[in-house]
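The values are calculated or read from the model by the stated rules, or taken from the named source; none is laboratory data. Computed from a prediction, not measured in an experiment: that's the story for all the values here. Here the Cβ positions follow ideal geometry from the backbone for every residue, glycine too, while neighbour counts run over all protein chains shown. The protein model used for the area step is the full one, side chains on, heavy atoms only, and it has no ligands, DNA or RNA in it. Shrake-Rupley method; radii C 1.70, N 1.55, O 1.52, S 1.80 Å.
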Amino acid sequence: MPELPEVEAARRAIEEHCVGKKIVKSVVANDSKVIDGVSPKDFEASLTGKTIVASHRKGKNMWLQLDSPPFPSFQFGMTGAIYIKGIAVTKYKRSAVKDTDEWPSKYSKLFIELDDGLEFSFTDKRRFAKVRLLDNPVSVPPISELGPDALLEPMTVDEFYNSLSKKKIGIKALLLDQSFISGIGNWMADEVLYQARIHPLETASSLSKESCVTLLKCINEVIEEAVEVGADSSQFPSNWIFHSREKKPGKAFVDGKKIEFITAGGRTSAYVPELQKLSGNQARKVVVESSNNIEESSNEEATDSRKSKVPRGRKATVKKPSSKRKSKESNGESNSDDDDDKSLRKEPPSRGKSKGRNENDDQKKKSKGKKTPTKRIFEESDDEDDVDNASGSGDDDEEDHKVMSKKRGKAGSLSKGKVGSGRNGRQQKRVAK
């Protein structure tokens, strides 16, 4: 992706081939995501007839100085690139437009034709770039918010060391912070840290002055070498981690040493554990954090296990034991999950009437025969009759009472028209005689 060397290569190409020439035609894409704050028509009108006086860069930003403001400014984003027709300009993987593609490219956001017939275009495949029209680019964001340019405004050793001593964040994250130092992106940060043999997660303030001297030296050397070859990665030194940082884990090596990948500064980071080691305090901190993560993971699993248990008042669903659980039981091992399941099971209630049933009867007498629906609570039981008896309501008792009353009434009416037997019957016979 475009970082300081790639943007500097574009700036130098414009400086070499376009400075001193007049813009006779411009075409601005109708893409408000990339063309920021101005309509294509107004943008085009502001460029046509102007002469390019110079090209400037700070960090990953470039702007063209014209003979009068406003000036076009380019924030390259992830895939921004400058192409000059007929002239080789550095191409990089994610932004490369093939020579066989149409011209200007369908990804062109700003196309310019000069008075000598030369044409150039700013393209952006993924649309993370920003193209602006500004009176004074250095006085407004994002350029005004940038830290010193890593190439044009190098820090002294003392400045660098003093700045790092105040930063209690990872060194990789700090190098990516454009307000601290501008121009260094993901691949450059990995490279300079590898060359300096510093772990990406090392806290900046923990670096010794000697390490800071080495790191600053590596920053300057990596930038100078990349810029010298026009950001052409095929010409980068063979001992750079750059050539293997996009390979798959387990297949990435540099000088025969294994490259591993971690997240540092919010970005995927390549480093060589054998050479880039954390200092004592930092290493212990990482080990503690890893242990805490493992403990938190265990606690989460235990919490999930407790949540899966059957709450009171709900019918339990008995699951078949897993093969792992069966194997434990067969080996005579105790299983805490089994104990928990037993604690949840309840003995079947007795068949006699419960206190709750008597209270329901009393309540029904007071309500003068009105039926009140009662919620049934089911619990785990092997006997359905126990469940029914335990959960019976006063409504069932009232129905039983009515049936028995009818039976008694029928029996009484039969006894009036029939001579009874037994003692009462004999008495009735005597009276009849």
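Things worth noting here:
- Hey, VAL27 open to solvent by 30 Å² or more (accessible area, probe 1.4 Å), touching a Pro at 6+ places or on another chain (Cβ under 9 Å), assigned to a strand (DSSP E or B) and of a type outside the set (Phe, Trp, Tyr) or not: yes
- Subset of region 120-168 [among the small types (Gly, Ala, Ser) and assigned to a loop (DSSP other than H, G, I, E, B)]: ALA129, GLY147, ALA150
- Scanning region 166-186 for residues being of a type outside the set (Val, Ile, Thr) and open to solvent by 10 Å² or more (accessible area, probe 1.4 Å) gives a total of 11.
- Looking only at region 244-261, and only at residues there that are touching a Phe, Trp or Tyr at 6+ places or on another chain (Cβ under 7 Å) and surrounded by 13 or more Cβ atoms within 10 Å (Cβ to Cβ), the one that is farthest from GLU202 (Cα to Cα): SER244
- Residue within region 51-62 that is under 41 Å from the mean Cα position of the chain (by Cα) and in a helix (DSSP H, G or I) present: no
- For region 171-182, a residue qualifies if it is more than 28 Å from LYS257 (Cα to Cα) and either touching a helix residue (DSSP H, G or I) at 6+ places or on another chain (Cβ under 9 Å) or not charged (D, E, K, R) (or both), and the qualifying residues are GLN178, SER179, PHE180, ILE181, SER182.
- Residue count, region 26-75 (criterion: within 14 Å of GLU113 (Cα to Cα), without any contact (Cβ under 8 Å) to a residue 24 or more places away in the chain and of a type in the set (D, E, K, R)): 1
- Among the residues listed as LEU175, LEU201, LEU193, the single one being within 19 Å of VAL272 (Cβ to Cβ) and not in a helix (DSSP H, G or I): LEU201
- Only one of the listed residues (VAL192, VAL222, VAL213) is of a type outside the set (Gly, Ala, Ser), free of Cβ contacts under 8 Å to residues at least 60 places away in the same chain and open to solvent by 20 Å² or more (accessible area, probe 1.4 Å). That residue is VAL213.
- Hey, SER121 among the hydroxyl-bearing types (Ser, Thr, Tyr) and more than 24 Å from GLY20 (Cβ to Cβ) or not: no
- Any hit, region 162-180, residues being among the hydroxyl-bearing types (Ser, Thr, Tyr), out of contact with any Leu (no Cβ under 8 Å at 6 or more places or on another chain) and within 30 Å of PRO69 (Cα to Cα): no
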